[in-house]
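The structure appears below as structure tokens.
The values are calculated or read from the model by the stated rules, or taken from the named source; none is laboratory data. This is a predicted model, so every value here is computed, not measured. Ideal geometry is used to build each Cβ from the backbone, glycine not excepted, and the neighbour counts take in all protein chains shown. Protein only, heavy atoms only, side chains kept; ligands, DNA and RNA dropped before computing areas. Shrake-Rupley method; radii C 1.70, N 1.55, O 1.52, S 1.80 Å.
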Amino acid sequence: YDYAVSLLNHGHYEDAREQFTSILKQNDKADYAFYGLAVLASMTGDQHTCLEHLTEAIRHNPRNRIQARSDSDFQDMADDPRFTELLYPEV
């Protein structure tokens, strides 16, 4: 996971995607891999995929909702009402 995040942070998006996907092949409930894929999708402008992966990350571990609220990697998603609904369902 750390290697995948490092790849992501250095702009090696396809390699990072492969690493996160590999983690999910080994453990299809790895919320952190779904979260990583959501960050990757956000960083590459794929809002739909970001929401799909973030939804899965939250489903497997509700604490990911709290983390995503303050994660600057999702800044490009802030204006999407679906993103707000996902992070703040109680509002």
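The table below lists the values:
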quantity: Positions within region 17-40 being assigned to a helix (DSSP H, G or I) and either more than 17 Å from residue 57 (Cα to Cα) or of a type in the set (Asp, Glu) (or both), in sequence order; calculated: 18, 31
quantity: Among the candidates 35, 13, residue that is free of Cβ contacts under 8 Å to residues at least 40 places away in the same chain and under 20 Å from residue 69 (Cβ atoms); calculated: 35
quantity: Flag for residue 90 being open to solvent by 30 Å² or more (accessible area, probe 1.4 Å) and either touching a Pro at 6+ places or on another chain (Cβ under 7 Å) or not in a helix (DSSP H, G or I) (or both); calculated: yes
quantity: Filtered residues of region 1-11 (kept if assigned to a helix (DSSP H, G or I), closer than 19 Å to residue 61 by Cα and open to solvent by 90 Å² or more (accessible area, probe 1.4 Å)); calculated: 2
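Residue by residue, here is whether (1) under 19 Å from residue 82 (Cα atoms); (2) modelled with pLDDT of 95 or more; (3) crowded, with 23+ Cβ neighbours inside 10 Å holds:
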| site | (1), (2), (3) |
| --- | --- |
| 13 | no, yes, no |
| 16 | no, yes, yes |
| 25 | no, yes, no |
| 28 | no, yes, no |
| 31 | no, yes, no |
| 34 | yes, yes, yes |
| 38 | yes, yes, yes |
| 50 | yes, yes, yes |
